[in-house]
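In what follows, a structure is listed as structure tokens, so that the remarks can point back to it.
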């Protein structure tokens, strides 16, 4: 994946997907081809507002009590970040037919955003390795890994693109 303004720099990644009876096991290994400055490097899961607006998200934190976050039914004026912090397990709409659970091998940064401000009717659950306005310098030897399991209330079928 080429990165603009980097003299031909690119992100190289491997995505491994394993089907589970009610979800997916996902692994991402990322690196860069050379030194560059990145503002963002992340994995995101999108949830449609029509289905998840008004539902709750429970974020299990590594050191402390779980946080309960409401996904707003209506767009909040000038507020797009719903929650940010550390998380190890995220449960969305628990106990309903729309339930989604995201479990991480290790706790990581989690950002929940409402993207309606940008005409995208989705909530985004972001797992950023880098998310900095000023950017962060990375080198070819820098490696990033994310390992997560996503499960649903009902069985799913993995189909190739």
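The values are calculated or read from the model by the stated rules, or taken from the named source; none is laboratory data. Since this is a predicted model, take the numbers as computed values, not measurements. Using ideal geometry, Cβ is built from the backbone for each residue, glycine included, and neighbour counts are taken over all protein chains shown.
Things to note:
- Inclusion of residue 18 among residues that are free of Cβ contacts under 8 Å to residues at least 12 places away in the same chain and assigned to a strand (DSSP E or B) is warranted.
- Residue match in segment 16-24 (condition: surrounded by 17 or more Cβ atoms within 10 Å (Cβ to Cβ) and over 14 Å from the mean Cα position of the chain (by Cα)): yes
- Only listed residue being over 23 Å from residue 120 (Cβ atoms), touching a strand residue (DSSP E or B) at 6+ places or on another chain (Cβ under 8 Å) and modelled with pLDDT of 95 or more, chosen from 56, 94: 94
- Selection count where residues are in contact (Cβ under 8 Å) with a residue 40 or more places away in the chain and either over 14 Å from residue 109 (Cα atoms) or surrounded by 16 or more Cβ atoms within 10 Å (Cβ to Cβ) (or both), scope segment 54-96: 11
- Picking from residues in segment 100-128 that are surrounded by fewer than 16 Cβ atoms within 10 Å (Cβ to Cβ) and in contact with a strand residue (DSSP E or B) (Cβ under 7 Å, 6 or more places away or on another chain), the one that is farthest from residue 69 (Cα to Cα) is 105.
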